[in-house]
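The values are calculated or read from the model by the stated rules, or taken from the named source; none is laboratory data. None of these values were measured; they are calculated from a predicted model. As a convention, Cβ positions derive from the backbone with ideal geometry for all residues, glycine included, and neighbour counts pool all protein chains shown.
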Amino acid sequence: MDPIIAAIHADPYPYYAQLRAEGGLVFHQGLKLWVASSAQAVAAVLAHPDCHVRPSHEPVPQAIAQGMAGKVFGQLMRMNEGERQRCPRAAIEPGLALIDVNEVNALVGARLITPGPDGLYAAMFRGPVCVVAALLGFSPAQGRAISELTADFVACLSPLSDQAQLDTAHVAAEQLKGYFIELLDDPNNRSALLAGIRQRFAVTSTDSESLIANLIGLFSQTYEATAGLIGNALLALIRNPQLDSAQVDDVIVDDLIAEVQRFDPSVQNTRRFVAAPCEIDGVSLNAGDVILVLLASANRDPQLNDDPDGFLLDRPNRRSFTFGAGRHQCPGQVLAISIASATLRKILTLKPALDRLTWRYRPSLNGRIPLFA
Ligand code: HEM
């Protein structure tokens, strides 16, 4: 086991506990990076101004720098510090925070979901992006095309992708941009979310490329992480048969999603790149150092949650790093949780034979996303 393989291991949590026992922030000789595993170290790294989301010598991964996917990547708030993060974030975050849960429920409710593995795949990997597309004012048919394009585009974010996948990602980025050019030109767009984002964006910038890149970023950020949350909630029902899925009502679904995101997060880790010499949690770091930030381990730290390895639907004062912390903290948390809850509720009304499903985790360096068969 190592801290990267752990993301898709059947049960990485005892290993994370071992890492925490060896120290919150420790250098891993094999991977040649620092590993932050305790809640204290994870919080300190995410809060530190010199811990950046990209290495300063490679703001865009070389493998995609020459194409459209690289152009989008280079403008994402997720991949920038300073003004290039703060400006798009200030335009987008307030709108996401005001999402109407009833609207999300209605959009998920209107989707056709079938109970077999193919239906679950579509509910996990297509539905959430279709909901975000609808909230921005795209038609259902456009949403379906956009969810396919997003699947192709996100390949550019993973170092595991091959050249053919990267070529497809460039084409997808170009097409997603085309969808947004048309959307932003459409005088009949009625989306309150899009109107608010445009209005706030115009206050600080006229750079429509940055606006479009960060709107595409909403799809790519939604895609795998929300699929994983829905999938890991289904796994929790399979692993805890006492939570009889036929009896799980609306309240329990909300509690279940809240505990699953902490207990078995779809985003297990993120990375930071040290931009200047600094000291964190008593450890001296040099410019150029890389830190693997184990969000999923911090969630199981007894310093953060009492009885951290217990799966407790009614957990008091639940605390979690699954959505990050600090200046890059996920602005889509409320939306992601409402999409996942609505989707799980809809899946459960179909009374799926959960005990007959098998699964494996999708290959990934940071995502914990089950694929059902
Ligand atoms: C279960 C689903 C999700 C999880 C677990 C998740 C998790 C995260 C995490 C951990 C980060 C911070 C990464 C870092 O600091 O290195 C992040 C950032 C972000 N997320 Fe989410 N996310 C989810 C869904 C969404 C959705 C639905 C949206 C929007 C529609 C979204 C939009 C964003 C954006 C724009 C950022 C970048 C923020 C910034 O850099 O300032 N996420 N997310």
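Screening the range 318-342 for residues that are in a loop (DSSP other than H, G, I, E, B) and more than 8 Å from the ligand (Cβ to nearest atom) and picking the one that is nearest to Asn366 (Cα to Cα) gives Ser320. Hey, among the residues in the range 245-292 that are within 24 Å of Tyr13 (Cα to Cα) and of a type in the set (D, E, K, R), which one's farthest from the ligand (Cβ to nearest atom)? Looking at the filtered set, the residue picked out is Asp281. Given the options Ser284, Ser245, Ser266, name the one that is under 17 Å from the mean Cα position of the chain (by Cα) and not β-branched (Val, Ile, Thr). Among Ser284, Ser245, Ser266, only Ser266 is under 17 Å from the mean Cα position of the chain (by Cα) and not β-branched (Val, Ile, Thr).
Residue count for the range 22-43 under the criterion of being in a loop (DSSP other than H, G, I, E, B), within 16 Å of Ala7 (Cβ to Cβ) and either touching a helix residue (DSSP H, G or I) at 6+ places or on another chain (Cβ under 9 Å) or polar (S, T, N, Q) (or both): the result is 1. For Ala63, the conditions (1) part of a helix (DSSP H, G or I); (2) surrounded by 17 or more Cβ atoms within 10 Å (Cβ to Cβ) all hold with the exception of (2). Counted as qualifying within the range 96-172 are the helices (runs of 4 or more DSSP H) with 1 or more residues that are of a type in the set (Ser, Thr, Tyr) and within 15 Å of the ligand (Cβ to nearest atom), namely 140-153. Only residues that are within 20 Å of Phe263 (Cβ to Cβ) and over 20 Å from the mean Cα position of the chain (by Cα) were counted in the range 320-373, giving 6.
Of all the numbered requirements in (1) of a type in the set (Ser, Thr, Tyr); (2) touching a residue at least 60 places away in the same chain (Cβ under 8 Å); (3) more than 29 Å from Glu81 (Cβ to Cβ), Thr349 misses one, and that requirement is (2).
Of the strands (runs of 3 or more DSSP E) contained entirely in the range 227-299, those carrying at least 1 residues that are among the hydroxyl-bearing types (Ser, Thr, Tyr) and modelled with pLDDT of 95 or more fall at 270-274, 283-285. With respect to Val42, is the statement that it is within 30 Å of Glu22 (Cα to Cα), within 13 Å of the ligand (Cβ to nearest atom) and crowded, with 23+ Cβ neighbours inside 10 Å true? Yes: the conditions hold for Val42.
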